[in-house]
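Just so it is clear, none of the values below were taken in a lab; they were calculated from the coordinates. Note that the structure is predicted; figures quoted are calculated from it, not measured. Glycine also receives a Cβ, built like all others from the backbone with ideal geometry; neighbour counts cover every protein chain displayed.
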Amino acid sequence: MIFAHGAQKLLGWFGGNGFDGTMGFFTRKMGLPWLVAFLVIIGESLGSLGLIAGFLTRFTAASFIVIMIGAIATVHWPGFFMNWFEQQQREGFEFTGRL
């Protein structure tokens, strides 16, 4: 799952924006520092490959925890639960997709 997200961000696979588009979105629209944006892209793409290969697994797993806490804090924070009745702006972090 993380590899697919990383491939979207780094390579533009699976309908993603690629490296330049993702860096632009993270830095201009979300206001993240360029270094944080870069580390998220590299962490999700190369880190997931390292995790699959068994390379630096504890470090990579810890970095994924940090990345997901950042995603919750910046994108999925309105609440825990799914937005069943359209009473909040976006989904909570329990479920981030639409049915």
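Of the residues making up the stretch 1-28, those that are part of a helix (DSSP H, G or I) and of a type in the set (A, V, I, L, M, F, W, C) are 2, 3, 4, 7, 10, 11, 13, 14, 19, 23, 25, 26. Here is a check on your reading of the model: is residue 31 closer than 21 Å to residue 73 by Cβ and in a helix (DSSP H, G or I)? No: the conditions fail for residue 31.
For the stretch 19-49, a residue qualifies if it is crowded, with 16+ Cβ neighbours inside 10 Å and farther than 20 Å from residue 69 by Cβ, and the qualifying residues are 19, 23.
In the stretch 4-18, the residue that is farthest from residue 49 (Cα to Cα) out of those that are surrounded by 17 or more Cβ atoms within 10 Å (Cβ to Cβ) and not aliphatic (A, V, I, L, M) is 16.
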